[in-house]
Amino acid sequence: MTITVAKPGFFTTVQDLGRFGYAHLGISPAGAADALSLRIANLLVGNEENAPVLEMTLLGATLAFEELSVIAVCGATCESKLDGIEIRQNVEVEVSSGSVLQCGSTTDGARCYLAVQGGFDVPLVMGSASTDIRGRFGGHQGRRLQAGDVLRVRKANQTRTRRLRAGALDALQHAGQVRVSCGAQNDWFTADAFAKFLTTTYTVSEQSDRAGLRLKGEAISTRHANQLLTDGIPLGAIQVPQDGEPIILFVDQQTTGGYPKIANVIAADMHRIGQLRPRDEVRFTEVSIADAIEALRTQERWLKDIFIS
Amino acid sequence: VETRFVCDAGEFFMKIIPASDSSLLAVFGDAISTETEEHVLMLFHALQAGHDDRIRNLHPGYVSLLVDFEPLAVTHQEVGTIVESALHTGQSAARNDPEVVEIPVCYDAEFAPDLADVAAHTGLSTDEVIRMHSSATYRVCFLGFTAGFAYLGGMPEALHTPRLATPRRAVTAGSVGIAGGQTGIYPTETPGGWRLIGRTPLRMFDPQVDPPTRVQAGDHVRFSAIHRITFEKLIQRRS
């Protein structure tokens, strides 16, 4: 089965849950910016959670389906139309052969996800289907999709689709408050500077992508002028460069860097970062690492519970 | 909290700092030294050899190792214990016979837009810069920043030159640069602020090859100056 890209949208890539185990070679995890939406989309069509999907940013793609397929669009709302008729998101949809799916602009977040039953068929590179944009490998030919690309879909092993409970996704917020724990160099900042970081409403800059979100707002200064010796950067680290405006390092991040890290987005809120758009506002709340892990555990229980069994 | 370790070479200390809900940072000091590099690599190699699938990623740096793990499968405390026992059992990473990787570099003007500036800054002639750069033996401290980018230690002090005030928007893959006391090779085309003094015809990163990077942390590297004709031949051979 193949799908032809008529229009690629603004920035569309093949992603799964990411590439782990190669950070020591400078290779970032990549993977879906909103992994929760990727997992839900896959579960709806009966795929493994980690099956390769399309991640569409700000403006969705227009795709022609060669054969009968089952799809689900999740994540940010993007007004998808199938042969001109609006379709619902967060539910499995049957697509007949020859149909054209047109995904529009996202209205309440940055990214929407298209899962197709069977999953997109791209070669695994270092164990993952995710596109590594800077390294130019993985996904579909190591790059974002272009008009004319032909994507293959694997034959589905099982066709047991699922449904969400009514209102199941109401708990998902696409923006607003983001919970953080202390970063590795939190002691490079005074208590006042950290308090300022936590009380400032930041705006996501236009110069933001999957590698990092630059924030505009109150500048934060470090306690001393020392330069940090280049060290490892965890996913979701918030570093403060010399100009004092924080940067959230995200899925396509550099694996090491030389700026102090004031805080770190908790794993349970990483999906919110993936839905932040340029000019969106964001505020940070501090939680303990124990609370962060509890929040992740709660989220995993929630994900199991939202489907009608 | 610092923990004291004793190895063949003497004693050293390690501090564990939680870095996120899914990672911790094992810190061995606050200044670059060959001893600290060895401790970082010793822990890195010992953890790699442990093949614990709850540990997702290891990021070595100059004085620390970031250990990224699956937070619902293992706790910070458990990872701390794994790190400490890895250090107790780990053999010194200072291999008696480190892999020496020779990297041919063409220092021709076309590939070396900043060679004259490096010469002017250091007070050396361009020939002296080339001779010194290609006669030292470098240590691969770690790989980071971007896929296959090796941070090399051991550049002669006479060559130290600050990075460009304004980074270039695109640096060609294979470019060899200097930034402060560091030297390195851009494996893929990226923006970059290092002073470019040459280019290697070798592919430093190839995702289809195992391992995908030409050099690994702990290797030694030597640059050999090559003629433009050799450069072209090696480029042809690679494709």
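Any read-out appearing in this document is the output of simple, stated calculations on the displayed coordinates, not a laboratory observation. Since this is a predicted model, take the numbers as computed values, not measurements. Reconstructed Cβ throughout: ideal geometry from the backbone, glycine too, with neighbour counts over all protein chains shown.
The conditions are (1) more than 9 Å from chain B (Cβ to nearest Cβ); (2) in contact (Cβ under 8 Å) with a residue 24 or more places away in the chain; (3) outside any strand (DSSP E or B), and residue A:294 fails exactly one of them. Which is it?
Evaluating residue A:294 over (1) more than 9 Å from chain B (Cβ to nearest Cβ); (2) in contact (Cβ under 8 Å) with a residue 24 or more places away in the chain; (3) outside any strand (DSSP E or B) leaves (2) as the failure.
From the list B:186, B:151, exactly one residue is under 23 Å from residue A:259 (Cβ atoms) and either over 13 Å from the mean Cα position of the chain (by Cα) or in contact (Cβ under 8 Å) with a residue 60 or more places away in the chain (or both). Which is it?
B:151
Tell me which strands (runs of 3 or more DSSP E) are completely within segment B:2-71 and hold 1 or more residues being under 30 Å from residue A:268 (Cα atoms), at the interface with chain A (Cβ under 8 Å from one of its Cβ atoms) and not β-branched (Val, Ile, Thr), or say none if there are none.
B:10-20, B:23-27, B:55-60, B:64-69
Being under 24 Å from residue A:305 (Cβ atoms) and free of Cβ contacts under 8 Å to residues at least 60 places away in the same chain is the filter here, so list the residues in segment A:124-178 that pass it.
The answer is A:166, A:167, A:170.
Could you tell me whether segment B:227-236 includes any residue that is touching a Leu at 6+ places or on another chain (Cβ under 8 Å) and crowded, with 20+ Cβ neighbours inside 10 Å?
No; the residues of segment B:227-236 include none that is touching a Leu at 6+ places or on another chain (Cβ under 8 Å) and crowded, with 20+ Cβ neighbours inside 10 Å.
Given segment A:199-288, what strands (runs of 3 or more DSSP E) lie entirely inside it while holding 1 or more residues that are small (Gly, Ala, Ser)?
Passing ranges, in order: A:212-216, A:237-239, A:261-265.
Give the residue, chosen from B:147, B:119, that is over 14 Å from residue B:184 (Cα atoms) and touching an Asp or Glu at 6+ places or on another chain (Cβ under 8 Å).
Of the residues listed, the single one that is over 14 Å from residue B:184 (Cα atoms) and touching an Asp or Glu at 6+ places or on another chain (Cβ under 8 Å) is B:119.
Looking at (1) in contact (Cβ under 8 Å) with a residue 24 or more places away in the chain; (2) surrounded by fewer than 18 Cβ atoms within 10 Å (Cβ to Cβ); (3) more than 24 Å from the chain's Cα centre (by Cα), which is the one condition that is false for residue A:192?
(1)
Against the condition crowded, with 24+ Cβ neighbours inside 10 Å and among the small types (Gly, Ala, Ser), how does residue A:30 come out, does it pass?
Yes.
Suppose the filter is of a type outside the set (Asp, Glu) and facing chain B (nearest Cβ under 10 Å); does residue A:282 pass it?
Here the answer is no, as residue A:282 does not meet what is asked.
For (1) in contact (Cβ under 8 Å) with a residue 40 or more places away in the chain; (2) more than 30 Å from residue B:141 (Cα to Cα); (3) out of contact with any Cys (no Cβ under 9 Å at 6 or more places or on another chain), each residue gets a yes or a no:
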| site | (1), (2), (3) |
| --- | --- |
| A:21 | yes, no, yes |
| A:25 | no, no, yes |
| A:28 | yes, no, yes |
| A:41 | yes, yes, no |
| A:62 | yes, yes, no |
| A:86 | no, yes, yes |
| A:98 | no, yes, yes |
| A:105 | yes, yes, no |
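Can you tell me which residue among B:133, B:121 is farther than 30 Å from residue A:249 by Cβ, without any contact (Cβ under 8 Å) to a residue 60 or more places away in the chain and either more than 12 Å from every other protein chain (Cβ to nearest Cβ) or surrounded by 16 or more Cβ atoms within 10 Å (Cβ to Cβ) (or both)?
B:121
Is it the case that residue B:98 is touching a Leu at 6+ places or on another chain (Cβ under 8 Å), outside any strand (DSSP E or B) and of a type outside the set (Val, Ile, Thr)?
When the stated conditions are applied, residue B:98 does not pass them.
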